[in-house]
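Colleague: Below: one structure in C-alpha cells.
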Amino acid sequence: MKPMILAAALGLAATSAYAAPEKFTLDASHSQVLFAYDHLGFSTTFNMFSGFEGEIMFDKEDPANSSVNVAIPVMSLFTGWEARFNHFMGDDFFAAAEGDMITFTSTDISVTSEDEAMITGDLTINGVTKSVVLEAELNKAGMHPMAGKEWIGFDAETKILRSDFGLGNFAPNVSDELDVEISIEAQKAE
C-alpha cells in the first residue's frame, strides 16, 4: 500500500512541477510602451519607452497562474524632440532623477479567451501606485527561429489618467487621458 501512495505523491509532484510557471525575460530590443495624448485638439502626440527590463512567469497550462513584473527607467523616454523630453523630465511632469522607475506588477490575470486576458496590476509612476487593467493578447508562443529557444510575444492596451500620477499639468488642453499601447517579446530564461 505504501508504494502506491508514494507513486501517487510522486505523480502529483511531477504534475505540479510540469504545470508551474516558467520564467521568461523581456527582449529589450523588441519591447515597447507607446503612449499618446491629444495636443490642443490639433494633433495626437506619440511617445515611447523602450529598452526596459522585466520578467513574465508564464504558465502555459493555466495562464491565469502567470505573472508580470516590469521596470522602466523614466529617463528612457523617447519623444523625438529634445525640448519635449527635457520638459517631461522637468518639474512640470516627472522631476526625474537618474534611476527613477515606472513599475508594473501584476496582481491578477483573468483569462477571457484562448489567447486573451485581462491583466490587473499595480502601476507606479512618480511614487504613486494605482491599479490598472491591461487588455492583453498572446501573439505567439513557440521556438524563436534565430535564437533557438522558447519565446513569447504579447500586445496589450489600456488607458490611464496623467492626473492620477501627479502628471496632470496643462489638462484639459493637453488631454489628461493617455492611450497606452504595449508590445513585448520575452525569451525563456536559462
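Colleague: To test your reading of the geometry: what angle, between 0 and 90 degrees and rounded to tens, separates the Cα axis of helix 2-19 from the longest principal axis of the chain?
Modeller: With rounding to tens, the tilt is 20 degrees.
Colleague: If I model a spin label as a point 7 Å beyond the Cα along the Cα-Cβ vector, how far apart are those points for Phe170 and Glu116 in nm?
Modeller: 3.4 nm
Colleague: With an 8 Å cut-off on Cα pairs and a minimum separation of 6 or more residues, tell me the relative contact order of the chain in percent.
Modeller: 22 percent
Colleague: At Glu157 and Thr44, where each label point lies 7 Å from the Cα along Cα→Cβ, what is the point-to-point distance in nanometres?
Modeller: For Glu157 paired with Thr44, the spin-label model returns 0.9 nm.
Colleague: Using 5 Å bins from zero, what percent of all Cα-Cα pairs in the chain falls into each bin?
Modeller: That works out to 1, 7, 13, 19, 17, 13, 10, 7, 5, 3, 2, 1, 1, 1, 0, 0, in percent per bin.
Colleague: Of Ala147, Ala136, Ala95, which has the largest mean-square fluctuation in a 10 Å C-alpha GNM of the chain?
Modeller: In this elastic network of the chain, the residue with the biggest mean-square fluctuation among Ala147, Ala136, Ala95 is Ala147.
Colleague: Tell me the carbon and sulfur percent of the accessible area for the chain, rounded to whole percent, probe radius 1.4 Å.
Modeller: Heavy-atom surface of the chain belonging to carbon and sulfur, 1.4 Å probe: 57 percent.
Colleague: Rounded to the nearest 0.05, what FRET efficiency do Lys23 and Ser131 have when you use their Cβ-Cβ distance and R0 = 22 Å?
Modeller: Efficiency, rounded to the nearest 0.05: 0.35.
Colleague: For a protection proxy built on the mean count of beta-carbon atoms within 10 angstrom, sort 152-161, 104-113 highest first, please.
Modeller: Going from most to least packed, we get 152-161, 104-113.
Colleague: Further, regarding this structure: If you place +1 on the Cβ of every Lys and Arg and -1 on the Cβ of every Asp and Glu, how big does the dipole about the Cα centre of the chain come out, in debye to the nearest 20?
Modeller: Dipole size: approximately 480 debye.
Colleague: Given the options Gly41, Gly166, Gly127, which has the most mean-square fluctuation in a GNM of the chain, springs set between C-alpha atoms less than 10 angstrom apart?
Modeller: Gly41
Colleague: Around Glu61, with a cut-off of 14 angstrom between Cβ atoms, what is the net charge of the other residues, counting Lys and Arg +1 and Asp and Glu -1?
Modeller: For residues surrounding Glu61, the net value is -3.
Colleague: Right, another one. When Lys and Arg each count +1 and Asp and Glu each count -1, what net charge do the other residues less than 10 Å away from Met118, Cβ to Cβ, add up to?
Modeller: Its environment carries a net charge of -3.
Colleague: Can you compute the helix-only [θ] at 222 nm over the chain? Use -39500 (n - 2.57) per DSSP H run of at least 4 residues, normalise by all residues, nearest 500 deg cm²/dmol.
Modeller: Computed mean residue ellipticity for the chain: -4500 deg cm²/dmol.
Colleague: I would also like to ask the following. Given the options Thr44, Ala136, Trp81, identify the residue whose Cα lies farthest towards the positive end of the charge dipole of the chain (+1 on Cβ of Lys, Arg; -1 on Cβ of Asp, Glu).
Modeller: Result: Ala136, furthest along the dipole toward the positive end.
The values are calculated or read from the model by the stated rules, or taken from the named source; none is laboratory data. The structure presented is a predicted model; accordingly, all values stated were derived computationally and were not measured. Cβ: placed from backbone, ideal geometry, glycine included. Neighbour counts: every protein chain shown. Calculation scope for accessible area: heavy atoms of the full protein, side chains included, ligands and nucleic acids excluded. Shrake-Rupley method; radii C 1.70, N 1.55, O 1.52, S 1.80 Å.
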